[in-house]
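One structure is given here, and the rest of the page talks about it.
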Amino acid sequence: MKLLATLTLGICLVQICAWGQTSTAPEGVAAGNYQIQQSVELGWRYTTSSGNGSIYDTFVNLHTGPRLLEQSLEVQSVNHAGALFDNLSLASFGYGGDPNSATRLRMYRR
């Protein structure tokens, strides 16, 4: 019963947050010769367990605390005449307690 109430509350909060968002993507910010777009999605995990803590850490290993769900940074040269690069892409996910985390950096000139 407690799980059902928690799930219902979570669904209601997600619907309220989604209702207040707009569907248009931001254009980004112009800085010098570059157009910059970025986003960050943060979260929090709450866990509780009973039993053997060592077994939990071996098989699940998810603990309470802040998390970086997703982060992205896109930097593009407006006229393909960038000083160091024309396009830069930096993306990461899963930091702060997830079993899998990764960061990817791509940078190139045309």
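The values are calculated or read from the model by the stated rules, or taken from the named source; none is laboratory data. Everything numeric here is computed off the predicted structure, so don't read it as measured data. No Cβ is skipped: glycine too gets one built from the backbone with ideal geometry, and neighbour counts run over all protein chains shown.
For LEU3, state whether it is in a loop (DSSP other than H, G, I, E, B) and either at pLDDT below 85 or of a type in the set (Lys, Arg) (or both). Break it down stepwise before answering.
Numbers: in a loop (DSSP other than H, G, I, E, B): no; either at pLDDT below 85 or of a type in the set (Lys, Arg) (or both): yes.
Spelling it out, it is not the case that LEU3 is in a loop (DSSP other than H, G, I, E, B) and either at pLDDT below 85 or of a type in the set (Lys, Arg) (or both).
Of the conditions (1) at pLDDT 85 or above; (2) in a helix (DSSP H, G or I), LEU90 satisfies every one except a single condition; which number is it?
Evaluating LEU90 over (1) at pLDDT 85 or above; (2) in a helix (DSSP H, G or I) leaves (2) as the failure.
Check whether at least one residue in region 61-71 is of a type in the set (Val, Ile, Thr) and outside any loop (DSSP other than H, G, I, E, B), and report yes or no. Give the steps one after another, and end with the answer.
First, pick out the residues of region 61-71 that are of a type in the set (Val, Ile, Thr): 64.
Next, only the ones that are outside any loop (DSSP other than H, G, I, E, B) stay: none.
The answer is no, given that none of the residues of region 61-71 is of a type in the set (Val, Ile, Thr) and outside any loop (DSSP other than H, G, I, E, B).
Name every residue in region 36-60 that is surrounded by 11 or more Cβ atoms within 10 Å (Cβ to Cβ) and at pLDDT below 90, in order of residue number.
If the condition is that a residue be surrounded by 11 or more Cβ atoms within 10 Å (Cβ to Cβ) and at pLDDT below 90, then ARG45, THR47, SER49, TYR56, ASP57, VAL60 are the ones that fit.
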